[in-house]
């Protein structure tokens with residue numbers, strides 16, 4: 001039961017981390033959109049830098065999703081084992 005609690009805690013921590021990351025990205029986008037420089041065209045290096053950052057966020061998000069899915073699967077298996085024992 002202790003391991004199941006640990007997995008549930010890790011699951012909750014990952015959910016909070018993903019949600020906080022998404023919220024931070026949303027805030028950055030809103031601030032950039034409302035800035036007076038929002039209408040200023042970017043040069044190629046700015047666009048390239050932004051694309052690299054976006055790709056890093058996407059890679060990290062994919063990793064978090066895989067980790068979350070793995071933990072959810074382990075949690076489901078542990079719950080099934082616990083049900084069979086009871």
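Any idea how far apart residue 47 and residue 6 come out in nm if each label point goes 7 Å out from Cα toward Cβ?
Result for the modelled spin labels: 4.9 nm.
So if R0 is 22 Å, what FRET efficiency would residue 30 and residue 69 give, r being the distance between their Cβ atoms, rounded to the nearest 0.05?
Details: r = 29 Å, r/R0 = 1.33.
Step by step, r from the Cβ atoms, then E = 0.15.
On a full-extension model of 0.36 nm per residue, what is the gain between residue 54 and residue 23, subtracting their alpha-carbon distance, rounded to one decimal in nm?
Working: separation 31, 0.36 × 31 = 11.16 nm, distance 1.47 nm.
Going from the current span to full extension adds 9.7 nm.
All of the numbers you see were taken from the coordinates with simple rules; none came from a lab. Bear in mind that the values here come from a model prediction, so they are computed numbers and not experimental data. Don't worry about glycine lacking a Cβ; one is built from the backbone with ideal geometry, like all the others, and counts go over all protein chains shown.
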